[in-house]
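No value in this document is a laboratory result; all are computed from the given coordinates. Everything quoted here is computed from the prediction, not taken from an experiment. Please note: Cβ atoms are built from the backbone with ideal geometry, for glycine as well, and neighbour counts cover all protein chains shown.
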């Protein structure tokens, strides 16, 4: 009776008072920070005491949000700018190996930072640790270090990096890898074959290159930790920045929860100059932004001139996020700025089209507002996002490196004149919004849930406890495959023996006939 009362009191206390949470987002990119900051602020506003480690800072944090700003991460990134447009046509195989080094460097810089070390050697206690999983597996040791349930956040929805942590199935027959631009509907034979081969290479890369390197990093900064493989897969919950209204419906084990769209806020009033510009656009607005990681001025001159000529010929007004004060040969209908309030622009009724790089945040925001897209995908998951927009009917995609005036002009005409794209975007918006609770509240519920039930081990599938060779049936394949090969070998030997015996018999009979 006393135990039941104590448990009831604990549940009530936890529902009234907040938890103490550590949230770590290691990627020094604005788009990733936006997600981490939105999660941290959202949970802090719901009453939790949040410590947030990231490369950037929030100027007006809630009272219960403590920021540990590793600004050096962002400075190192800015000192070594990379022209991402040059990576538009690189092989997806190169991308997975390229990210190996990025992930290891990024993870080590987070853990070696003096402010992180100060926290690790403090007496701080946390009810749960939330870490962004982006080739940063060594950070899973934070859960063990603070003796708290480990919650993983996936920026890119369900993918191999998080699926491995919770034994979530990823059938290559219909789930394309996030680095491939394969259609997410029914794949042709060649697409399925390529997806399977690429997936095998990516999986081997993780098990034999990424995980051993991350293990060394973890052992370096958490000396004396026990079996890293067990710590690495000791995941209580996976929060996914995804939703079936935008992406493809894929398998989820019980401890994977979709919260995509949680970072989107209700529209706010625009600055007066923007409000006037958009209100006066009788033919509508085309909004053009390539996100926070791509630098627009680095795009090839030929491509830039093609875009300028075609946009300048349109009757709509254009808002173009441009990183410089001037844009040479800028048409009269184009307004540039180094920053635009993207969500508020997309929410304006005069916004007719979003020209985007196809990033998941931008895609989520434009779907929320019901605005069709034209995607110029460059890197990572952008090509897959663009292909999904096409397959779901709310956008089109063009290869950025080979755009022609005729192709761009005809694509814009189709998107802006055919009502089906707007209709499909509105449908997707309705599906995204039609949920029993707000996504941040859903995250809040499940975070409390896993803390309440001691990490919620009952949600974890048995596959996570299986060794690699058992999960992938390698022992079964070896036995049956070996048995098959052995059978063929024995059968061959037997046939050869019988053939030789028959030949000897025939030779003996022939010799006997000759003697007669």
Could you state the angle between the C-alpha long axis of helix 30-45 and the longest principal axis of the C-alpha atoms of the chain, as a value from 0 to 90 degrees rounded to the nearest 10?
70
0 to 90° range, to nearest 10: angle between helix 211-221 axis and the chain longest Cα axis
60
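With the cut-off at 1.5 for a/c, could you classify region 16-151 from its C-alpha gyration tensor as rounded, prolate or oblate?
Values: a/c = 2.01, a/b = 1.70, b/c = 1.18.
It is prolate, given that a/c is not under 1.5 and a/b is the larger ratio.
Among rounded, prolate and oblate, which fits region 272-433 when a ≥ b ≥ c are the square roots of the eigenvalues of its C-alpha gyration tensor, a/c under 1.5 means rounded, and a/b larger than b/c means prolate?
Numbers: a/c = 1.38, a/b = 1.14, b/c = 1.21.
Since a/c stays below 1.5, the shape of region 272-433 is classed as rounded.
For the ranges 45-56, 205-216, what's the packing order if you count other beta-carbon atoms within 10 Å of each residue, average per peptide, and put the highest first? Write down the numbers at each step before the final one.
Numbers: 45-56: 21.2, 205-216: 16.2.
So the peptides 45-56, 205-216, ranked by packing, come out 45-56, 205-216.
If you take the C-alpha gyration tensor of region 296-372, multiply each eigenvalue by 5 and take the square root, what semi-axes do you get, largest first, in whole Å?
22, 14, 12
Among rounded, prolate and oblate, which fits region 399-492 when a ≥ b ≥ c are the square roots of the eigenvalues of its C-alpha gyration tensor, a/c under 1.5 means rounded, and a/b larger than b/c means prolate? Write out the running numbers ahead of the final one.
Numbers: a/c = 4.07, a/b = 1.38, b/c = 2.95.
Oblate.
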Within a 10 angstrom radius of the beta carbon, how do 137, 227, 279 rank from fewest other beta carbons to most?
227, 279, 137
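Kindly rank 461-471, 289-299, 149-159 from highest to lowest mean number of other beta carbons found within 10 Å of each residue.
149-159, 289-299, 461-471
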Packing-wise, with mean Cβ within 10 Å as the measure, how do 443-452, 86-95, 376-385 rank, highest first?
376-385, 443-452, 86-95
Rounded to one decimal in nm, the spacing of the 7 Å Cα→Cβ label points at residue 441 and residue 350 is 3.5
In the set [x] 0.96; [y] 1.10; [z] 1.19, which value of Cα Rg over 2.2 N^0.38 Å was calculated from the structure you see?
[z]
Treat the count of other C-beta atoms within 10 Å as a stand-in for reagent exposure and order 397, 417, 236 from fewest to most.
417, 397, 236
Taking Cα atoms only, helix 405-417 is inclined relative to the longest principal axis of the chain by an angle, in degrees rounded to 10, of 70
Fewest first, what order do 355, 130 take by the number of other Cβ atoms within 10 Å?
355, 130
